[in-house]
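K.L.:
There's a structure below that I have some questions on.
The values are calculated or read from the model by the stated rules, or taken from the named source; none is laboratory data. Here the structure is a predicted model, which means the values were calculated and not measured. Every residue, glycine as well, gets a Cβ built from its backbone with ideal geometry; the counts of neighbours run over all protein chains shown. Quick note on the areas: whole protein, heavy atoms, side chains included, nothing else; ligands and nucleic acids left out. Shrake-Rupley method; radii C 1.70, N 1.55, O 1.52, S 1.80 Å.
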Amino acid sequence: MNAMTAMPGERFDRLDVLRALAIVWMALFHFSFDLNHFGLIRQNFYVDPFWTVQRACIVTLFMFCAGFGQAIAFDQGQPWPRFWRRWGQVAACALLVSLGSWLMFPRSFISFGVLHGLAVVLLVARLTAGWGRWLWLAGLLAVLLP
């Protein structure tokens, strides 16, 4: 079955593998970042393309998996309470990231990062999932807005 004919509760192994890849890749990236922070390696994570391209790919993979997962959930008729429970987990983790980064770096903490953005995107995706072809126009408008 494909995502558009999914049965409620059905798992998609390839999507799960992509999620796992994104998590492992992200953990390795952050482990390397921490090694650099503590002086065990010397890398420039902010300008070196080896690191900046990885960061972009990891975020893109996470967002792709989240969007695809929401399309499947909507198609399977996921009830709102289950959505809110999952969304609450993402939002709580985003708040923990802000708190943890504030404790570590009070002058440059993460006030809005990837998990914060993911929480917003999940809401937008869920609220607009039934728009059908109008999503193309909405997407174009979103890209064209300043």
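K.L.:
Can you give the relative contact order of the range 13-77 as a percent, counting alpha carbon pairs under 8 Å and 6+ residues apart?
P.N.:
Here the relative contact order equals 43 percent.
K.L.:
With r as the distance between the Cβ atoms of residue 109 and residue 48 and R0 = 25 Å, compute the FRET efficiency 1/(1 + (r/R0)^6) and round to 0.05.
P.N.:
Computed FRET efficiency for residue 48 and residue 109 comes out at 0.60.
K.L.:
Taking only Cα atoms, what is the 0 to 90° angle, nearest 10, from helix 80-104's long axis to the longest principal axis of the chain?
P.N.:
10
K.L.:
Can you give the charge dipole size of the chain about its Cα centre, rounded to the nearest 20 debye, using +1 on the beta carbon of Lys and Arg and -1 on the beta carbon of Asp and Glu?
P.N.:
With Lys and Arg at +1 and Asp and Glu at -1, about 220 debye.
K.L.:
Then there is this: Which translational diffusion coefficient, to the nearest whole µm²/s, is obtained for the range 75-114 from the Stokes-Einstein equation, given a Kirkwood hydrodynamic radius over C-alpha pairs, 10 °C and 1.306 mPa s?
P.N.:
138
K.L.:
Show me the ranking of peptides 30-36, 119-125, 80-86 by mean Cβ neighbours inside 10 Å, starting with the highest.
P.N.:
The most tightly packed comes first, giving 119-125, 30-36, 80-86.
K.L.:
Hey, what angle do you get for helix 13-37 against the long axis of the chain, alpha-carbon based, 0 to 90 degrees rounded to 10?
P.N.:
20
K.L.:
Can you give the accessible area per residue of the chain, in Å², using a 1.4 Å probe?
P.N.:
The answer is 72 Å² per residue.
K.L.:
Expressed as a rounded percentage, what relative contact order does the chain have, with Cα pairs under 8 Å and six or more residues apart?
P.N.:
That works out to 25 percent.
K.L.:
Additional query: Can you give me the distance in nm between label points at residue 92 and residue 28, each placed 7 Å from the Cα along the Cα-to-Cβ direction?
P.N.:
Inter-label distance under the simple model: 3.0 nm.
K.L.:
Now for a different question. Of all accessible surface on the chain at a 1.4 Å probe, what whole percent is carbon and sulfur?
P.N.:
C and S atoms contribute 73 percent here.
K.L.:
Can you give the angle from 0 to 90° between the axis of helix 114-128 and the longest principal axis of the chain, with both taken from C-alpha atoms, to the nearest 10?
P.N.:
Long axis of 114-128 versus the principal axis of the chain: about 10 degrees.
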